[in-house]
Amino acid sequence: MSATAEQVRTAVRVLLRKGVDLNTTTERQIREELAQQIGSVEAHKKIIKEEIDTYLTETYSQSDPAAAAPAAEDAADVAQEPAPGAKRKRTADAAGTAAAAQPAKEPRPAAAAAAAAAAGDLPGIQLCERSLLFASVNTFKGQTKVDLRQYYQAKDSGKLAPTKKGVALNAADWAAVQAVLPQLQAAVEAGNDQFYAELPNDLRATTSTFHGAEEVPLGGRKRAAVSVFQGRLFMDLREMYEKDGQQLPGKKGIALKPEEWRKVCDAAEAISSAHGGRDTRYKLDLGSKRQVAISEFKGTYYVNVREFYEKNGELLPGSKGLSMTGEQWGKLVAGMPGLNAQLEKS
């Protein structure tokens, strides 16, 4: 018997709230658990993935609180950049309350790997000191495979945990990779980023050139960057603040899932046109009660990417979001190719 879509959504949410460790639990394992509880869920793989992504997005926004920006500075920012249609006032006392939780920046790969090495927890051979990419030999259900995989540092334990980005090669696959390694090396040394070699089991070894940047400064201490949380990618639009000479992520910002970010990119020209035409009626729905809108405050027009919440049947602007001036939005548009390249390669 197959479960209904609503049964699946409810069961996934209950399962995730119980504290499933998504560092080690795969979507297939979640589907198997759900099947035991409510029947076949094979027709609802997309719904299960959506619920997991939503859960991770919400968890991302609540992880590792960053220190708040100074109260006076925060109050001034709120006065300059309200959410679309909102005319909010905020006292110094309100501005000085505890900051909403925001994600800390991912630890540098070298530092994360050094910490794991010191604790004797390296998962294998690190293939690049600028990335948590490891090679290891693992045995699962009697099959020994070479695993080439991207890891990340779990914020709760500080240990390295595997992501879904990687490939497990059996003996024949690994032998095929070894056979083409000299050709791959020669292509890299020659600067040939179009080389590829077909491997067994629909695998392919390729060379490529990555031109992406780690982050795109937008001005006014705002920036856009690709970030990783529990193995999932996000496009993080955020305002930074300075503490002890370091730029740290502040509470003002929003982490977009890749599909939400793609909608922003696809509509970039329309958004620019709406901003240039001062069209405050413009709205772009990103899903999950998130949208891009044009807002105005004291004669200045902003591109506002924000999450809303529902109250008494009305959608109201929430705290998750970032407002950008026309100049800042223009820098984001100019940086989209590099950010997208990094998103694809991360």
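So here's what we get for this one:
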| item | result |
| --- | --- |
| Filter result for residue 222 (modelled with pLDDT under 90 and within 21 Å of residue 293 (Cα to Cα)) | no |
| Residue satisfying all of: in the stretch 115-142; assigned to a strand (DSSP E or B), touching a Gly at 6+ places or on another chain (Cβ under 9 Å) and of a type in the set (A, V, I, L, M); least open to solvent (accessible area, probe 1.4 Å) among these | 135 |
| Those residues of the stretch 266-305 which are free of Cβ contacts under 8 Å to residues at least 12 places away in the same chain and among the hydroxyl-bearing types (Ser, Thr, Tyr), in sequence order | 273 |
| Some residue of the stretch 266-280 being over 17 Å from residue 237 (Cα atoms), in a strand (DSSP E or B) and open to solvent by 50 Å² or more (accessible area, probe 1.4 Å) | no |
| Hey, residue 331 outside any strand (DSSP E or B), open to solvent by 30 Å² or more (accessible area, probe 1.4 Å), of a type outside the set (Asp, Glu) and within 16 Å of residue 218 (Cα to Cα) or not | yes |
| The stretch 143-163, residues that are open to solvent by 70 Å² or more (accessible area, probe 1.4 Å) and either part of a strand (DSSP E or B) or modelled with pLDDT of 85 or more (or both) | 143, 144 |
| Selection within the stretch 182-200 - of a type outside the set (Gly, Ala, Ser), surrounded by 12 or more Cβ atoms within 10 Å (Cβ to Cβ) and modelled with pLDDT of 90 or more | 183, 184 |
| Selected residue (criterion: nearest to residue 217 (Cα to Cα)) from residues of the stretch 232-250 that are open to solvent by 40 Å² or more (accessible area, probe 1.4 Å) and part of a strand (DSSP E or B) | 247 |
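The values are calculated or read from the model by the stated rules, or taken from the named source; none is laboratory data. None of the values given here were measured: they were computed from a predicted structure. Every residue, glycine among them, receives a Cβ derived from its backbone with ideal geometry; neighbour counts consider all protein chains shown. SASA here: full protein model, heavy atoms, side chains in, ligands and nucleic acids out. Shrake-Rupley method; radii C 1.70, N 1.55, O 1.52, S 1.80 Å.
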